[in-house]
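Beneath this line is the structure, given in structure tokens, with notes to follow.
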Amino acid sequence: MAINNRVYQNIPTNIITGFLGVGKTSAILHLLAHKPADQRWAVLVNEFGEIGIDGALMKDSGAFIKEVPGGCMCCSSNLPTQMALNLLIKQAAPDRILIEPTGLGHPERVIAMLREPHYRSVLDLRATVCLVDPRKLSDSRYRENPAFTDQIALSDVLVANRCDLCSGDEIEAFYRFATESQPPKARIALVVHGAIDVAWLDAATSKDRRAIHPEAHAHPHGEDHTHGDTHVRVANARWDRVENRGDGFFSCGWRFEAGMQFEIRALERLFSREPALRMKGVFHTDEGWQQFNAADGSYTARPCVAANASIIEAIDRSRNWESLERGLLDSLVR
Ligand SMILES: Nc1nc2c(ncn2[C@@H]2O[C@H](COP(=O)(O)OP(=O)(O)OP(=O)(O)O)[C@@H](O)[C@H]2O)c(=O)[nH]1
Ligand SMILES: [Mg+2]
């Protein structure tokens, strides 16, 4: 591919998959911190919610980041993703590209898009890495979810993350499951906080991996899959909210102008009440800018670089955002 007369060829590219909140962004941050110092890496991140948060979470990583918010990469139409990818290649001229699809996304179409003739000589698609929380393997709500099972099935490298929260039995069950996978995984590993090894990105790939639910995303945009069918409610000049839904999940994002300040203690109380299945945000607080990140019943909060606005995204299995919104508004400094 030639962009501005410069030819880009065979850029090593990896997809980092895994279900909502498993630790994909943590893994990418770990990889960026451990990459060869003389290389420039770029990240393409796709989020289910309309307000991208991961870009802000990775802002101080030093890498070139591009976000495609609002749906999953495969069906938020390939066009915005391809445009973002082309721009990322042109602007960053990267030595490697890491791609984080949404945790609710089915990886098959993403892999197919990257193998299209247009990208064949540009991208060198290396190992697909999937992170999985071993505790979820025994939960039928996850095992029956096509995106969850096919993220695992289509991965070359299968990594158990969040191992600090797992029992010995859960780790053992993961290991048994992973070693029985066919075709065999190139690498099976146990980590915490996404501490994956840079070398695993170049593990052997296999074109024989097949999706268990190939039909899962081969859909016209229908009743239960309305990515892009967003609902925006502008509350007033200082904040607004935007909703989306698809695959049985609902998302809601809020944007508060930077001049509005949150009480950090009130946010801590709000996040510890677990108001949604997945919630993350970047807030201007009375103790500076802070990122909050909640998944699976616990949350982390840490200082971060300033953003243009406080941004919050929540994902849940039902759409009832009123009490969370009230909680956010009640957390504002008066
Ligand atoms: N206890 C524990 N927490 C972890 C681990 N890995 C990640 N986390 C935390 O889990 C939360 C979600 O991590 P992310 O890296 O944002 O997960 P993600 O898969 O990128 O999330 P989405 O992009 O929203 O799907 C954060 O608060 C992390 O700090 C781990 O191994 N152990
Ligand atoms: Mg993420």
* To do: Quote the relative contact order of the stretch 7-217 in percent (integer), defining contacts as alpha-carbon pairs under 8 Å separated by 6+ residues.
  => 27 percent
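To the nearest 500 deg cm²/dmol, what mean residue ellipticity at 222 nm is calculated for the chain from DSSP H runs of n ≥ 4 alone, each contributing -39,500 (n - 2.57), summed and divided by the residues? Before the final figure, lay out the partial values.
Values: 10 runs with 85 residues, N = 334.
The helix contribution divided over the chain gives -7000 deg cm²/dmol.
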* To do: Please say if the stretch 231-330 is rounded, prolate or oblate, where rounded means a/c under 1.5 for a ≥ b ≥ c the square roots of the C-alpha gyration tensor eigenvalues, and otherwise the choice is prolate for a/b larger than b/c and oblate otherwise?
  => oblate
* Excluding residues fewer than 8 places away in the same chain, name every one of the lysines whose C-alpha is closer than 17 Å to that of K207. => K185
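What Kirkwood radius, in Å to one decimal, follows from the Cα pairs of the stretch 78-197? Mind dumping the intermediate values first?
Working: mean 1/r = 0.0632 Å⁻¹.
Every distinct Cα pair counted, the radius reaches 15.8 Å.
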* Segment D60-M113, extension gain: residue separation times 0.36 nm, minus the distance between their alpha carbons -> 16.2 nm
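Apply 1/(1 + (r/R0)^6) to the Cβ-Cβ distance of A199 and D286, taking R0 = 45 Å, and write down the FRET efficiency to the nearest 0.05. Could the numbers behind the result be given before it?
Details: r = 44 Å, r/R0 = 0.97.
So the FRET efficiency works out to roughly 0.55.
Viscosity 1.002 mPa s, temperature 20 °C: what is the translational diffusion coefficient of the chain from Stokes-Einstein with a Kirkwood Rh over Cα pairs, rounded to a whole number of µm²/s?
Numbers: Rh = 20.4 Å.
Rounded to a whole number, D works out at 105 µm²/s.
What is the dipole size for the stretch 284-334, taken about its Cα centre, with +1 at each Lys and Arg Cβ and -1 at each Asp and Glu Cβ, in debye to the nearest 20? Please report the intermediate quantities before stating the final value.
Numbers: 5 positive and 8 negative charges, 8 e Å.
Computed charge dipole of the stretch 284-334: roughly 40 debye.
Whole number please: convex hull volume per residue of the Cα set in the stretch 11-82, in Å³? Present the calculation step by step, with values, prior to reporting the outcome.
Numbers: hull volume 6.8 nm³, N = 72.
Looking at the stretch 11-82, the number lands at 94 Å³ per residue.
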* Can you list the HN-Hα couplings for the stretch 277-287, worked out from phi with the Karplus curve (6.51, -1.76, 1.60; θ = phi - 60°), rounded to whole Hz and with x for Gly and Pro? -> 4, 9, 8, 8, x, 10, 10, 7, 10, 5, 10
* **Rounded Å value of the spacing that divides the Cα centres of the stretch 259-334 and the stretch 90-145** => 28 Å
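Suppose every K and R has +1 on its Cβ and every D and E has -1 on its Cβ; what is the size of the dipole of the chain about the Cα centre, in Debye to the nearest 20? Provide the component values of the computation, followed by the final result.
Numbers: 38 positive and 43 negative charges, 118 e Å.
I would put it at about 560 debye.
Just so you know, all these numbers are worked out from the coordinates, no wet-lab data involved. Everything numeric here is computed off the predicted structure, so don't read it as measured data. In this analysis, Cβ positions are derived from the backbone assuming ideal geometry, glycine residues included, and neighbour counts consider all displayed protein chains.
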